[in-house]
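Report on one structure; see the data block that follows.
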4 protein chains.
Amino acid sequence: MSQDKPLAFFPPLGHLRGDPLNSAKYAVLAIGLAAMAALTVPGARAAWLEAALWACLAFFAVEIILRTWQSRLSGQQPAYPGSAAFWFDLIGVIPVPLALAAGVPPEKAWLLASLWILKLAAAVPGLSLLGRIIRLEARPLASVFVIFLIVLLLAGVALHLAEGPSQPDKFGTLPLALWWAVTTLSTTGYGDAVPETFLGRSIAGFVMICGLGVFGLWTGILATGFANEHRRREFIRNWDLVTRVPFLRSLDAAGVIELTRMLRRQDLAERSVVVRRGRAGDCMFFIASGEVEVQLEPEPIRLGAGSFFGEFALLDGSPRTATVVTTRPTTLLILDVTDFRAFTAQHPDLARELEAEAARRRHPVKDAGHTINGTNAAQ
Amino acid sequence: MSQDKPLAFFPPLGHLRGDPLNSAKYAVLAIGLAAMAALTVPGARAAWLEAALWACLAFFAVEIILRTWQSRLSGQQPAYPGSAAFWFDLIGVIPVPLALAAGVPPEKAWLLASLWILKLAAAVPGLSLLGRIIRLEARPLASVFVIFLIVLLLAGVALHLAEGPSQPDKFGTLPLALWWAVTTLSTTGYGDAVPETFLGRSIAGFVMICGLGVFGLWTGILATGFANEHRRREFIRNWDLVTRVPFLRSLDAAGVIELTRMLRRQDLAERSVVVRRGRAGDCMFFIASGEVEVQLEPEPIRLGAGSFFGEFALLDGSPRTATVVTTRPTTLLILDVTDFRAFTAQHPDLARELEAEAARRRHPVKDAGHTINGTNAAQ
Amino acid sequence: MSQDKPLAFFPPLGHLRGDPLNSAKYAVLAIGLAAMAALTVPGARAAWLEAALWACLAFFAVEIILRTWQSRLSGQQPAYPGSAAFWFDLIGVIPVPLALAAGVPPEKAWLLASLWILKLAAAVPGLSLLGRIIRLEARPLASVFVIFLIVLLLAGVALHLAEGPSQPDKFGTLPLALWWAVTTLSTTGYGDAVPETFLGRSIAGFVMICGLGVFGLWTGILATGFANEHRRREFIRNWDLVTRVPFLRSLDAAGVIELTRMLRRQDLAERSVVVRRGRAGDCMFFIASGEVEVQLEPEPIRLGAGSFFGEFALLDGSPRTATVVTTRPTTLLILDVTDFRAFTAQHPDLARELEAEAARRRHPVKDAGHTINGTNAAQ
Amino acid sequence: MSQDKPLAFFPPLGHLRGDPLNSAKYAVLAIGLAAMAALTVPGARAAWLEAALWACLAFFAVEIILRTWQSRLSGQQPAYPGSAAFWFDLIGVIPVPLALAAGVPPEKAWLLASLWILKLAAAVPGLSLLGRIIRLEARPLASVFVIFLIVLLLAGVALHLAEGPSQPDKFGTLPLALWWAVTTLSTTGYGDAVPETFLGRSIAGFVMICGLGVFGLWTGILATGFANEHRRREFIRNWDLVTRVPFLRSLDAAGVIELTRMLRRQDLAERSVVVRRGRAGDCMFFIASGEVEVQLEPEPIRLGAGSFFGEFALLDGSPRTATVVTTRPTTLLILDVTDFRAFTAQHPDLARELEAEAARRRHPVKDAGHTINGTNAAQ
């Protein structure tokens, strides 16, 4: 069950980018799928296409072995063998050889390579999220589906009766009329079957309006569900990050919750520019993990996890006083000016502390410069 | 009126699944509708198809009698005769024999069997909900419909004038131009009538953009209405369940309301796995009805209605310590980690009580092990 | 400006239904538009159709005179002459005779009768609302429109280059390619111009996805704006109604605002059944205007504006104890069980008062029965 | 990075309208794009079209020089050279001459003038906003895109297998089947490739429903993101305006935040009518910048930035007592009656002060009439 799947309480910290096996996987996936598509084109069919596909298959097979071995070594829980990713990987490797062995012609057998795309499903967290939304919103979605079915069937029967006599090849049987109904209700409108009588067109107009309504309900249910679920996951991720910022330790639980709801997370690659000197600023930053370099004169300062920067622009509306660049993959928590003002209005202690810190940064005692790193420093 | 229809204050407790008459009904419905569709296909017309349809009709007639009898016996209010379900059932049985008696050819008469699909409307709660939304949002929906009509008519007239001379068979009369307008405004776009002049295409482009706008308003109204109404119904259902959990009795009314808004309900079949040992957990569970088995060593523990489990994972972020499986159809109330933290921050008493209970579960006095069942036990 | 248009602080009280001139207007409008459409069909052109149109025109001319006269007599502000409705009415009457006098053939001249549909715009409050939303959300809507234009132009140029050589009649000029782009971006998809090259189709796929995105933004902006504006208007209407219920006079301003946000308004015609004896109830009712009859034994009780009923079902979950029917057009304010519980939890005084009133209603002193009417009575 | 781009803390104050270079730019842009489109039409190709295009190009080249010079002179930060607008302007000027010099035929070379439309992107703030939303919502958008890709590929493979044998020219290769899938999933439905077998049509129906779901998710994510971001920007803009109204200086920080969230901003041109005497009013106005004239008898009063008007209608529901017209481009902050009531209920001090001010305005001491301007005056 998805609510028990291993949660990434800690952000990925850019380790995916550093995994050469993973980057290669997506390249191989793209090549493999393109080769599979090309193999179905009569003129393009060639021996080297099949060779490329075999190479991709081999790569994926080796990947399974490597990952299983790696998982055994690291002993990390949950183990790779038995996980969803493992099964998706296996589904990508087994069927094609089986089909070829069973005598299926190659251009058909290799269509099974389309299952490789399921590897993306394992890589993207949104799919389990979608499954969860569909489970939670199953009742309203089922209701809308029943409305869809009722309108579909009644529209099909009505058009079969209204248009059947004049267009027997397009509305002469109920299945044909239902095909028209489904293309119309979904507002696809191929135009292969179009009512021609006045009655048929009147009913069709009504069906289209119903289609918009069904669509609207569908959209609303999925959108609301997605928004709720996404917000919930972000909260879980941000919670841990907030509790790791020393400056915020004085907050009570209610304050932490409030702040967690306000923060947005941003994952940055190495050497990304976070703020640029001289620009106006509308947010401040907490470093959840990683490190940034504040390019101050005469010498830059490095800030590590738990530090914050960018508060000057919020306190007095001044432009950014220094450019800030990440030195390695970094996760930042962003607090917008909107939320900053709302939050400091309700937590005056924190606001005072922040202002004190900002004042200290503006007029630093020179020999205190080396103690700033690791706790809190400027921008 | 729907706001007075009997409300299911208690969850269905899986009794629908246990009703063999009901399961059979859906199977018969599917067979009947498929047979009806097949009957309209010239090549597939056969005596046995009609026989199948007669059998379905007979089944539905018997069902009405059985349900009426059952309703009389049980004396349950509201009674089945006179309910919406009763009338939908009757509409499914009466018209076909009448039409056949009136001399309508069988393949036309049996199209009336499409009314059988209305049985789904009675089974799905969402339809009365949709009716209610349409009643409550009648004014904005009517406004958008008037906008739709105005754009439709003016677009029809404009295209009739612009395209009528060059394409008299497609835009030569106003009804034809209106047909084009309705397919375009709903973004269906069959392509059977397409403007060809520069002026006509410019107007058509504007109409399409208007169509997107009308569609957007429609979607927004229905989606907002659906979300509000769904939330309201869930609250009513959850309210009763919350008041039946002994652990939550110490809450004041405001706390119960708050918690009721946070909980999500999940109906599980017998032998469903709720949590799996070793997985990370992001929610805890209250049992509203039914029973679960916590697969602890050396012997499993059973928890009944009013108990809770899964709180360890929320208190210290540890993985699930035991697998939990339902022993019969069970309704759970799920409290997410987000809401758990927000709630315990505001109700520290409850949090302390929960922690005390969790501590007791971790180090249970051995001979107290048998008294745990029925009140609160571990995971 | 719409924010200064006369606001209906008091609900319409059903007076529209009682205005025979108004009902006739909509019938004449429907007949007139149908006749206008029929006049454009060559086979249906007939003298009596024109006669019907002239009769409709005469009716609308007479209506303007009657309404102007009525407005003068009543002296009501704002006056009808000079209002938007007046100008829409005038636009419906003047152009057709002018066009006929200028020698336009009748079937063309009568197309100007399509302006009659603007009368609907004056009758439906939603149009001024839409205008207001568009004004308030002008900036984001303009942004999305610019995105739309940029994608449109770049897609047109790209397809003109990719498909122009192979399909010169469909993509050979930029205007033709732009026509394809607008039908595709709006997901209308007539299919009159379809890319055929691999490059063209790849770009087209990308354009379709952009179209979905533009559409999503559009939908979101309009839907959010509509929801906010609708809520605001409802609040203004309900505010006055709440302050007229004697039972709620003890509330402070914050309580009135809170309750105003919770209530939903329902306009009912004469002899509508509000609640039905024996049904479960999930809401209570305040009478804003009009009158209802509580069908109690031995004799029914009538409740007027300012009374409330239906609270038993919320206090103890019992089914409705009596059927309640309106005796004339009535406006009710509905308080759902959700909001009832939330509200009484925060206003315990009101809850106690309500329970006291409910207890009094359950065991009424017989000779006090005649004083109940006009203040607060049972259900 | 967009969160550091120069923020317009102060509203544009109509200076754009006063910039003749800017107005000319949009006219030249429209003419240039129309000429470019006309140049691709064989019959319309003419020497003067090219001349017009060269004139537009020259205008844009001159504009770059003028703006660079102006930017140098004013020394305003951020400087025009190096900004996004600068690069968009440069992209509009360089490529066409280069292409012509490289020997590209004129009607192709001038297609590069379509890049001129990017100038709109620099002018509209919504584009950076959209970029920001896409960056913030990158994860859920990527998830939905992966779902889209998976459904697309599997649908393409399924239809290639189901329809390929019977329609080899439309589904015979996988790329052809994928083209069908993308037009269907986006509900565009050109109708150039339509499944004909029962199996193919059943799969197509399922694909259409999936398309609606994907579309719904997409819509929801973008709409939610847009709404949040727009609200955030409005807050930043309104915050400064609120702090500049003297009457609101007594508010604490929490009150300012609350009020800032309630206010809506409206930019009006010179001589716009804000309220009209005798109309009902549902809002009051604060002047953020600019000036209005209250047309009182015997002599009108002028109100400058920091003043407010329109409070009578909210305090006692009376109609507007005077017409108010702007005397120059003016930015107003609008407080709706809904929010006015909610806010004054929670800030009784401010409500009393407002009533005192209103009473003073109704019965002004005659010789105090000249001191009213600049602080607070009537309507």
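The values are calculated or read from the model by the stated rules, or taken from the named source; none is laboratory data. The structure presented is a predicted model; accordingly, all values stated were derived computationally and were not measured. Please note: Cβ atoms are built from the backbone with ideal geometry, for glycine as well, and neighbour counts cover all protein chains shown. Surface accessibility is based on the protein's heavy atoms, side chains included, excluding ligands, DNA and RNA. Shrake-Rupley method; radii C 1.70, N 1.55, O 1.52, S 1.80 Å.
Before moving on, here are some points about what is shown:
To keep it simple, each residue is scored yes or no on (1) part of a helix (DSSP H, G or I); (2) not assigned by TED's automatic domain parsing to the domain that holds B:I31.
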| site | (1), (2) |
| --- | --- |
| B:F60 | yes, no |
| B:A79 | no, no |
| B:V96 | yes, no |
| B:S114 | yes, no |
| B:K119 | yes, no |
| B:L130 | yes, yes |
| B:A142 | yes, yes |
| B:V146 | yes, yes |
| B:I150 | yes, yes |
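- Residue ID - farthest from D:G216 (Cα to Cα), chosen from residues in region D:163-195 that are among the small types (G, A, S) and part of a loop (DSSP other than H, G, I, E, B): D:S166
- Output for region A:326-337, where each listed residue is open to solvent by 10 Å² or more (accessible area, probe 1.4 Å) and either within 11 Å of another protein chain (Cβ to nearest Cβ) or of a type in the set (K, R) (or both): A:R328
- Condition check for B:G317: on the phi > 0 side of the Ramachandran plot and surrounded by fewer than 16 Cβ atoms within 10 Å (Cβ to Cβ): yes
- Residue within region B:124-138 that is farther than 19 Å from B:A51 by Cβ and touching a strand residue (DSSP E or B) at 6+ places or on another chain (Cβ under 7 Å) present: yes
- Screening D:F247 on (1) assigned to a loop (DSSP other than H, G, I, E, B); (2) farther than 30 Å from B:G220 by Cα; (3) open to solvent by 10 Å² or more (accessible area, probe 1.4 Å); (4) not assigned by TED's automatic domain parsing to the domain that holds D:L152 shows it passes everything except condition (1).
- Scanning region D:62-77 for residues that are open to solvent by less than 30 Å² (accessible area, probe 1.4 Å) and outside any helix (DSSP H, G or I) yields no hits at all.
- Scan of region C:139-190 for residues that are of a type in the set (S, T, Y) and either open to solvent by 10 Å² or more (accessible area, probe 1.4 Å) or within 18 Å of D:A109 (Cα to Cα) (or both), ordered by number: C:S166, C:T173
- Count of region C:205-229 residues, restricted to those that are at pLDDT below 75 and either among the small types (G, A, S) or open to solvent by less than 40 Å² (accessible area, probe 1.4 Å) (or both), is 4.
- Within region C:336-379, being more than 24 Å from C:G290 (Cα to Cα) and modelled with pLDDT under 50 holds for C:K366, C:D367.
- Of the residues making up region C:36-54, those that are without any contact (Cβ under 8 Å) to a residue 24 or more places away in the chain and assigned to a helix (DSSP H, G or I) are C:A37, C:A38, C:P42, C:G43, C:A44, C:A47, C:W48, C:L49, C:A51, C:A52, C:W54.
- Long-range neighbours under 6 Å by Cβ, at least six apart or interchain, first residue free of Cβ contacts under 8 Å to residues at least 24 places away in the same chain within region A:83-107, second open to solvent by 50 Å² or more (accessible area, probe 1.4 Å) and in a helix (DSSP H, G or I): A:P95/A:L112; A:A99/A:L112
- With respect to the conditions (1) out of contact with any Lys or Arg (no Cβ under 7 Å at 6 or more places or on another chain); (2) open to solvent by 10 Å² or more (accessible area, probe 1.4 Å); (3) outside any loop (DSSP other than H, G, I, E, B), C:G255 falls short on a single one, namely (2).
- Residue match in region A:281-295 (condition: crowded, with 17+ Cβ neighbours inside 10 Å, within 9 Å of another protein chain (Cβ to nearest Cβ) and either part of a helix (DSSP H, G or I) or touching a Cys at 6+ places or on another chain (Cβ under 9 Å) (or both)): no
- Subset tally (residues that are part of a loop (DSSP other than H, G, I, E, B) and touching a residue at least 60 places away in the same chain (Cβ under 8 Å)) for region A:299-314: 5
- Enumeration of residues in region C:335-355 that are touching a strand residue (DSSP E or B) at 6+ places or on another chain (Cβ under 6 Å) and not hydrophobic (A, V, I, L, M, F, W, C): C:D336
- Selected residue (only one of D:T173, D:T188, D:T197, D:T183 is touching a residue at least 24 places away in the same chain (Cβ under 8 Å) and more than 26 Å from the chain's Cα centre (by Cα)): D:T197
- Some residue of region C:245-254 being touching a Gly at 6+ places or on another chain (Cβ under 6 Å) and either modelled with pLDDT of 80 or more or at negative phi (or both): yes
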